[in-house]
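S.K.: To start, I am sharing the structure in question, which I have written as structure tokens.
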Amino acid sequence: IASRLGLPLGRVKNWAYRGGFPQLLTSHKRSFLPTTREERLSFAYLLGVYSSDSGSSGQPKERFTKKISDYPLRSRVLENGRVLLGAILEERGNGIHIADGNVAKVLHHCLMREFASYVFTDNERVAYLQGFFDSSDCKIAEGKRGGTYKVSRENPTFFFLFARTLFELGIFPRLDEKRMHIYIGGELDLQRFYDLRLDMKKKHRAALASY
């Protein structure tokens, strides 16, 4: 914890001994960070869910709530996320809610500062992108030569992490760095996208299969 957050080791040991961890570190005290393969995939998936609603803010959210009206997709998010978070990840109306604000802070920290440590294998990259598309409202724009996904990321860090993850999986999007748009199209890239099952929305799966 000390090395990760740039704090003196003695100070962290003193907090642990006295049971007085600052709020930011209480999640580490009760640590939910992944250790097993299943937990790592769940964590990568949750990073995708978190990044789908991060917007332009460079600051962590105090609470994380995401509307996901599609019941099968909402169920997927709950099932994948609860591997790691358990009851902390709640179903609330037509959406999901992370009941512990510290969890959202740690997700933000790992996304911004330690992404490569937690999204390292191809399976973890797939899980990250599945979490994003399961919880985002990203759509396919129809064109004469098939469809194109347009993903907008206002935060530069999220923009480049998302694009790099696609490249590492063999999908080569067109990047508009000025407007911060990522375009996924073309027969080979859409076929790869489809084969990896990155977007499980039934309507989108059917559209991709037709191209």
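The values are calculated or read from the model by the stated rules, or taken from the named source; none is laboratory data. Owing to the predicted nature of the structure, the values given are computational and were not obtained by experimental measurement. Cβ placement follows ideal geometry from the backbone for every residue including glycine, while neighbour counts extend to all protein chains displayed. Accessible surface areas use protein heavy atoms only, side chains included; no ligands, DNA or RNA. Shrake-Rupley method; radii C 1.70, N 1.55, O 1.52, S 1.80 Å.
S.K.: Which of the residue pairs Lys67/Lys150; Lys178/Lys202; Lys66/Lys201 have a Cα-Cα distance greater than 28 Å in the structure shown?
M.R.: Lys178/Lys202
S.K.: Give the shape of segment 56-138 as rounded, prolate or oblate, defined through the alpha-carbon gyration tensor: a ≥ b ≥ c are the square roots of its eigenvalues, a/c under 1.5 means rounded, and otherwise the shape is prolate if a/b is larger than b/c and oblate if not.
M.R.: In terms of gyration-tensor shape, oblate.
S.K.: About the Cα centre of segment 41-168, how large is the charge dipole given +1 on each Lys and Arg Cβ and -1 on each Asp and Glu Cβ? Please answer in debye to the nearest 20. Please report the intermediate quantities before stating the final value.
M.R.: Working: 17 positive and 15 negative charges, 65 e Å.
For segment 41-168, the charge dipole is close to 320 debye.
S.K.: Let's test the formula: R0 of 22 Å, r as the Cβ-Cβ distance of Glu79 and Tyr211. What FRET efficiency results, to the nearest 0.05? Walk me through the numbers on the way to the answer.
M.R.: Working: r = 29 Å, r/R0 = 1.31.
According to the calculation, E is roughly 0.15.
S.K.: Could you compute the net charge surrounding His181? Neighbours are other residues with a C-beta less than 14 Å from the C-beta of His181; K and R count +1, D and E count -1. Working shown, then result.
M.R.: Working: positive: Lys139, Lys150, Arg153, Arg174, Lys178, Arg179; negative: Glu154, Asp176, Glu177.
The answer is +3.
S.K.: Heavy-atom accessible area per residue, segment 37-188, 1.4 Å probe: how many Å²?
M.R.: Accessible surface, normalised per residue, equals 48 Å².
S.K.: Suppose we take every Cα in segment 119-167 and form the convex hull; what volume per residue is that in Å³?
M.R.: Once divided by residue count, the hull of segment 119-167 is 98 Å³.
S.K.: If you look at just the Cα atoms of segment 121-211, how large are its Rg and its Dmax in Å?
M.R.: Both quantities, over Cα of segment 121-211: 12.2, 35 Å.
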